[in-house]
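The values are calculated or read from the model by the stated rules, or taken from the named source; none is laboratory data. Since the model is a prediction, treat every value here as computed from it, not as a measurement. Here the Cβ positions follow ideal geometry from the backbone for every residue, glycine too, while neighbour counts run over all protein chains shown. Just so you know, the surface numbers come from the protein's heavy atoms only, side chains and all, with ligands and any DNA or RNA stripped out. Shrake-Rupley method; radii C 1.70, N 1.55, O 1.52, S 1.80 Å.
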Amino acid sequence: MSIPCPYCQHPFSPGAQSCPGCGASLLLEAVPGGTQPVCAVHPTLRGLGTCSRCGTFACARCLRAGPQGEALCVRCHQLEPDAPMPWDQREELGTMRAFWRTLVQVLLRPGSFSQARAEGRKRDSLLFVLLCALPAFFVMGLIYMVFLVGTPSLMEALAPPDRPLEDTSGLEMMPWMGVGMFVFFTLFGPPIFVAMTFVGAALDHLVLRMGGVTRPFHVTLRAHSLSQAPWALGVVPFIGAQVAPFWALVARVFAYRGLHRTTTGTALAGALLVPLASCCLCGGGYMGLLFFIFSRAAQK
Ligand SMILES: [Zn+2]
Ligand SMILES: [Zn+2]
Ligand SMILES: [Zn+2]
């Protein structure tokens, strides 16, 4: 639900400090002795909207977005349900059980983000990402290794007996490449994945801020990290890693909407805008490169 700007009537979402239409500050001084409603917490500021729970007037500083994007006052917003995720209960559950239950919850009940605690330490969030990535990259490296180690003997076995393979020098390298790939994937894959999660969350946070989200970066990082849970499916050979990116994006929309208590539209923009833009950039760069190669080839 959005509230009209007092200057230009452009709708703004609860939590915004300035109007997205005209850019004016929404923190308006109340006219002393005036008839306009004032904020229940700040009597010197004008009340721009009413809380959909308790009905009190709230200024732009006190307006918050509820789970469905409805306007809430600060007090009702603080009474919001704050259910810890299993990942927050590692001391009680043990790390592995907490991890497993969080995976199941994110994969199968992403709607539960709207009831979930938003606060979480950055390193706890990134630890969750690391645990998702470790087994997936291990299996991915293993598949490459088995493939590259097995190929030479397979090719020798498949070669017709009257014409054995003449040049096997290239094939002899393949098992070593396989071992190299395995070591690379297992050692460097997970840390690179964690770093990419951090950068992705930072970029998404910029988009979410433009959408009027006021909660701090660690909430975005927590949402982004927990929504990486589908990458744990990478342990399922061949299928897991193909399904994971799309499932993670869906989970991320739920996570942003739930943990930031924002609208579906803002959550969609936060989760999809950066991946789409980078796709276009990479795609554009790729097209440019092709064009460059073809135009050079045509000149000859
Ligand atoms: Zn305006
Ligand atoms: Zn209220
Ligand atoms: Zn106020």
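Before moving on, here are some points about what is shown:
- Any hit, the stretch 60-76, residues being within 16 Å of ligand 1 (Cβ to nearest atom) and either closer than 30 Å to Pro4 by Cα or open to solvent by 10 Å² or more (accessible area, probe 1.4 Å) (or both): yes
- The stretch 179-211: number of residues that are of a type in the set (Gly, Ala, Ser) and over 17 Å from the mean Cα position of the chain (by Cα): 2
- Test result for Cys62, without any contact (Cβ under 8 Å) to a residue 24 or more places away in the chain and within 15 Å of ligand 2 (Cβ to nearest atom): yes
- Residues within the stretch 52-73 that are modelled with pLDDT under 90 and within 8 Å of ligand 3 (Cβ to nearest atom), tallied: 0
- Selection of the stretch 65-80 for residues being within 22 Å of the chain's Cα centre (by Cα) and not hydrophobic (A, V, I, L, M, F, W, C) yields Gly66, Pro67, Gln68, Gly69.
- Within the stretch 272-291, one or more residues are buried (at least 19 other Cβ atoms within 10 Å of the Cβ) and in contact with a Leu (Cβ under 9 Å, 6 or more places away or on another chain).
- Hits in the stretch 195-217 - residues which are surrounded by fewer than 19 Cβ atoms within 10 Å (Cβ to Cβ) and outside any loop (DSSP other than H, G, I, E, B): Ala195, Met196, Phe198, Val199, Ala202, Leu203, Leu206, Arg209, Met210, Phe217
- Set Pro160, Pro230, Pro190: member being part of a loop (DSSP other than H, G, I, E, B) and either of a type outside the set (Asp, Glu) or touching a residue at least 24 places away in the same chain (Cβ under 8 Å) (or both): Pro160
- Against the numbered list (1) in a loop (DSSP other than H, G, I, E, B); (2) away from ligand 1 (no atom under 16 Å from the Cβ); (3) surrounded by fewer than 17 Cβ atoms within 10 Å (Cβ to Cβ); (4) at pLDDT 90 or above, Ala40 comes up short only at (3).
- Of residues in the stretch 104-118 being open to solvent by 50 Å² or more (accessible area, probe 1.4 Å) and not basic (Lys, Arg), the one farthest from Pro216 (Cα to Cα): Leu108
- Any hit, the stretch 119-132, residues being touching a Pro at 6+ places or on another chain (Cβ under 8 Å), under 25 Å from Thr264 (Cα atoms) and buried (at least 16 other Cβ atoms within 10 Å of the Cβ): no
- Qualifying residue in the stretch 34-43 (condition: on the phi > 0 side of the Ramachandran plot, more than 13 Å from ligand 3 (Cβ to nearest atom) and not assigned by TED's automatic domain parsing to the domain that holds Leu126): no
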